[in-house]
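The values are calculated or read from the model by the stated rules, or taken from the named source; none is laboratory data. None of these values were measured; they are calculated from a predicted model. Every residue, glycine as well, gets a Cβ built from its backbone with ideal geometry; the counts of neighbours run over all protein chains shown.
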Ligand code: SF4
């Protein structure tokens, strides 16, 4: 594949990031170099009465001006949409490549889709206003309809997220600040002590404000890789709630009878077992020290309990193509967990594979993934939440499928930004949502484990 080379000359005061996002989405189809013969010129401005831009590229020459109204947020949104969609259309014409989400570059396309005047209009709204492909627009429409009866809005609703950032080994694609457990063993007891205190603080706030706990989510990392007595210390403090309670036991090799007994005893009702792939070769290449046998054993064991089970797959690992991907999906369908979540590989700084030429890994899989989603639907798995990440190859999506009635409430409330998330532990980010004015405040803890312990004077 030959990429289109161009130089980018920007006179950009506002909206620089928005412009760059569109060009990044076109990587590797477009390469920005300093001395290309074709120059893409963009100028944007904002003054007290209007927003505007000027675009020149080859034969394109466009000037746009939007007069400001009293609704500042809406004006900004309209202007951004016009600017990004215009650039998108130019790049699409030049490359003959349509991106699955058109000019939509944000991580939560369902939130944008809900701005359509009514639910029956979503498909039309997304395809005409943002250039979203008809497949993806239909998918978003379906997800919004499937979400309708899963939650109700209430300012008192809250979710508790607890981060346990330790793993048996570090997967090569991982960009989380997850620590290989053998390297930080000396800190784990203290870390759990801090979590216990943080849980107490949460419980005080919960009681004082008469909140409604919708979901508890213990994630990471691989929470199931720490000692059972430490897991018990954490979960026994919050086992008295009658709500969704997820414990990520992502790595199959960490799943043992004793762990599952403990989780069941403490009212955990949802777990994750994440194969990511059913290719032995890929598991080795990504430094995920789990065997295929261990994956099947973990499912066999977990199925003896009443947990709702989620399973993650990642598309694009180790250059996997259609055969391997479809084989993994088929294997999972045979195992029949309650949820299947399909992630598209996103290469981020901090991962071992960053910048190692993985760009070509999943190019051209957009339509094939729609076939896979249809296969899942045929097998009674329905899409119910979707989000995107930066630097996702092929600009695809992460999408959660569920058997009817088995949807994970936490995922929906979190991804749709409609419920506050009280998050504790290293790297955890709390999100306080104000439903009245649609605003969100965030509070985060240091990602680095030592920095986190320092914050609590424990190091
Ligand atoms: S198990 Fe998950 S969190 Fe841990 S290293 Fe692998 S990808 Fe990262």
Would you mind finding the one in 166, 176 that is modelled with pLDDT of 95 or more and surrounded by 14 or more Cβ atoms within 10 Å (Cβ to Cβ)?
-> 166
Test result for residue 162, assigned by TED's automatic domain parsing to the domain that holds residue 191 and within 30 Å of residue 211 (Cα to Cα) = yes
Here are some conditions: (1) within 18 Å of residue 136 (Cβ to Cβ); (2) touching a strand residue (DSSP E or B) at 6+ places or on another chain (Cβ under 8 Å); (3) surrounded by fewer than 20 Cβ atoms within 10 Å (Cβ to Cβ). Residue 370 meets all but one. Which one does it not meet?
-> (2)
Pick from segment 431-453 the residues that are touching a strand residue (DSSP E or B) at 6+ places or on another chain (Cβ under 7 Å) and free of Cβ contacts under 8 Å to residues at least 40 places away in the same chain: which of them is surrounded by the most Cβ atoms within 10 Å (Cβ to Cβ)?
-> 433
Considering 168, 100, which residue is out of contact with any strand residue (DSSP E or B) (no Cβ under 6 Å at 6 or more places or on another chain) and within 16 Å of the ligand (Cβ to nearest atom)?
-> 168
Matching option when the condition is free of Cβ contacts under 8 Å to residues at least 24 places away in the same chain and in contact with a strand residue (DSSP E or B) (Cβ under 8 Å, 6 or more places away or on another chain), among 180, 142, 204 = 180
Among the candidates 318, 327, 379, 323, which residue alone is without any contact (Cβ under 8 Å) to a residue 12 or more places away in the chain and out of contact with any strand residue (DSSP E or B) (no Cβ under 8 Å at 6 or more places or on another chain)?
-> 323
Selected residue (only one of 68, 81 is over 30 Å from residue 5 (Cα atoms) and assigned by TED's automatic domain parsing to the domain that holds residue 42) | 68
Would you check if there is a residue in segment 190-204 being away from the ligand (no atom under 16 Å from the Cβ), within 29 Å of residue 294 (Cα to Cα) and surrounded by 18 or more Cβ atoms within 10 Å (Cβ to Cβ)?
-> yes
Name the single residue, out of those in segment 98-110 being farther than 16 Å from residue 390 by Cβ and surrounded by 16 or more Cβ atoms within 10 Å (Cβ to Cβ), that is farthest from the chain's Cα centre (by Cα).
-> 102
Limited to segment 145-163, what total is found for residues that are more than 16 Å from the ligand (Cβ to nearest atom) and crowded, with 18+ Cβ neighbours inside 10 Å?
-> 6
Of all residues in segment 145-168, count the ones that are free of Cβ contacts under 8 Å to residues at least 24 places away in the same chain and within 13 Å of residue 410 (Cα to Cα).
-> 1
Looking only at segment 107-139, count how many residues are free of Cβ contacts under 8 Å to residues at least 60 places away in the same chain and in a helix (DSSP H, G or I).
-> 17
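For segment 207-214, state whether one or more residues are within 16 Å of the ligand (Cβ to nearest atom) and either in a loop (DSSP other than H, G, I, E, B) or not assigned by TED's automatic domain parsing to the domain that holds residue 436 (or both).
no
Yes/no per residue for (1) outside any helix (DSSP H, G or I); (2) more than 25 Å from residue 368 (Cβ to Cβ); (3) at pLDDT below 95:
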| position | (1), (2), (3) |
| --- | --- |
| 5 | yes, yes, yes |
| 18 | no, yes, yes |
| 45 | yes, yes, yes |
| 64 | yes, yes, no |
| 74 | no, yes, yes |
| 105 | yes, no, yes |
What do you reckon, is residue 182 part of a helix (DSSP H, G or I), within 16 Å of the ligand (Cβ to nearest atom) and within 24 Å of residue 410 (Cα to Cα)?
-> no
